[in-house]
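Asks: Attaching a single structure in C-alpha cells format; questions to follow.
Every number in this text was worked out from the coordinates using simple rules, so none of it is lab data. These numbers were taken from a predicted model, which means no experiment stands behind them. Positions of Cβ are backbone-derived with ideal geometry, glycine not excepted, and every protein chain shown enters the neighbour counts.
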Amino acid sequence: MAPPTAETPIPAEHTGPGAAPRAWAVRLVTVGIVLAALNLRPAITSLGALLEEVRDGLGMSGTVAGLLTSVPPLCFAVFGVMAPRLARRFGASAVVCAGMVAIAAGLIIRPYTGSTVGFLVASALALMGIAVSNVLMPVIVKRWFPDRVGSMTGLYSMALALGTSLAAATTVPLTDALGGNWRTGLVAWAVLGVAAVLPWLPLVRHRGAGPAEPARPAAGTGGGDGLRITRSRTAWALAVFFGLQATAAYITMGWMAQIFRDSGVSASTAGVLLAVVMAMGVPLAFVIPRVAARLTHQGPIVITLGLCGLAGYAGLYFAPSSGAWAWAVLLGISNCAFPLALTMVGMRARTGAGVAKLSAFAQSTGYLISIPGPLLVGVLYQHSGGWGAPIALMAALMVPQIVVGVLAGRNRTIEDEAATSAPAS
C-alpha cells in the first residue's frame, strides 16, 4: 500500500507560468540537496577528530571540551525552531542558501578567533546554518518530490552520512597533508560549504521557477497555521524517537573513538573505526528510506535497528577491542535511525505546511532531549573511572527508543490526530 505522502497532489504552481523551467530547477534542487547534506555534519565530526589539538591550542579546559560536544544539539534545538517562520517569510530555498553561507562563514572564522569564546561563537554560527537546513530539507523534498519522498530522503541521508564519515576519516590525514596545523585542517571544510551555496542562488533569484510556498490549505485539511501539533501523539512519539537517536549519534561522534582507544586500540585505528560507524550510513541511508516509504508501519525497521544497537553496546561492554570491527558495524547500522526518522517526518503529515511544522517540532524537541546525553557520558566516565557505566546508559536508552519508534511508525497523520483531539466548537 502506498504511503499517504505518495498521493500528495502536485501544487497547481507546477502547471502555471512558472512550470517551463521546472526541469532545470528540479536538477538544480537535486544537486543543491546533495551538496547541502554533505555539509550538515563535517563541522562537528572534523572537530571531534582534532579535539585534543584544539584544546591544547586554545587552552580549553576538559569541562569546556565536554560541553562542546553538547553545543550542536543545543544550537539545533534553538535555531531549528525558527526555520518554518523564516521559510514562510523568505522561502525555503533562500533560508537553506543562507544556511550554507552561515556554515561556510563559521568554518572559516572559528579556527582563527584565538579564544575559546570566539571559537564557540563561530561554531554556533555554522551550527545555526546546519539547524535551519536540517529542518527544511524534509520540507523541500516534500515540496519538490511529493511522489518520491522515500528515494529523495534516501539520497539526502546518504549524502549526509557520506559527509559525516569523510570528515571523521580524512580530517587528520588532511591536516597532516596541509602542514600539520589544526587550524588549516578545520578551515579546509569551508570549501565544501562555499560549493553548497552555488546551486541555491538561482533558486533564490528565480522563485517562480519551482513550487511556490504552500498556500493555506482548504478548511478541514488540518494543515497550515491552525495545526496544533502538540495534540498529536504521533508528533510527540516522533520527537522523542528523534531525540533518543540523536543522543546515541552524538555520544558516538563525541566519545566512540575514545572508548576504542581506552580499550587498547591505536589512535589511528580508533579513528578508522569511528569512520566505519559513520560510513555504514552511506548505503543504508539510501536503502532504509526507500524501504520505509513502501511500508504502512515502520515499526519492524525500528526494532531491527534497535537490536543492532543493543548488540553493539553489549560487545563494547564485554569485548571492546577483540570485536571492535563488528561492534562498529552494528552501531553504524543502529545509527541509521536518523534517515528513518526523516522519512517518517515526510510520511506522518499530509501537507507541506504540516511537514514543516512536524519537522521543526520533532527536530527541535528531539535535539533538546539529546543535549544532556554526551555530557552525562563524560560525567559518568570521569566519576566511574571506566566505560562500563556510560555503555550501560547507552544500551538502556535504546529500549525507549525502540518503543517510541514503533509508536511513531504507525500509519497515521498528525493532521488527523490534531483534528480528532480538538475540542468541539
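Asks: Take the alpha-carbon positions of region 319-393, form their convex hull, and give its projected area averaged over all directions (one quarter of the hull surface) in nm².
Replies: Values: hull surface 24.6 nm².
The number I arrive at for region 319-393 is 6.1 nm².
Asks: Okay, next question. Which values of log₁₀ I(q)/I(0), to two decimal places, follow from the Debye formula for the chain at q = 0.06, 0.07, 0.08, 0.09 Å⁻¹ with a uniform point scatterer at every Cα?
Replies: Calculated log10 I(q)/I(0) at the listed q: -0.23, -0.31, -0.41, -0.52.
Asks: Another question, if that's okay. Using the Cα centre as the reference, give the magnitude of the dipole from point charges on the C-beta atoms of the chain (Lys, Arg: +1; Asp, Glu: -1; all else neutral), rounded to the nearest 20 debye.
Replies: 1020 debye
Asks: Still on this structure: Place the peptides 157-167, 397-407, 353-363 in order of packing, highest mean first, counting for every residue the other Cβ atoms within 10 Å and averaging per peptide.
Replies: Ranked from most to least packed, the peptides come out as 353-363, 157-167, 397-407.
Asks: A further question follows. Using alpha carbon centroids, what distance separates region 359-425 and region 134-149, in Å?
Replies: About 23 Å separates the Cα centre of region 359-425 from the one of region 134-149.
Asks: Still on this model: Taking the chain as the reference, fit the longest principal axis to its C-alpha atoms, fit the long axis of helix 324-334 to the helix C-alpha atoms, and give the angle between the two in degrees, 0 to 90, nearest 10.
Replies: Between helix and principal axis, roughly 20 degrees.
Asks: Follow-up. How big is D, in µm² s⁻¹, for region 235-276 by Stokes-Einstein at 25 °C and 0.890 mPa s if Rh is the Kirkwood radius over C-alpha pairs?
Replies: Here the translational diffusion coefficient equals 217 µm²/s.
Asks: For Cα pairs less than 8 Å apart in space and 6+ apart in sequence, what is the mean separation divided by the residue count of region 317-425, i.e. the relative contact order in percent? Don't jump to the answer; show the numbers that get you there.
Replies: Values: 34 pairs, mean separation 39.6, N = 109.
Over region 317-425, the number comes to 36 percent.
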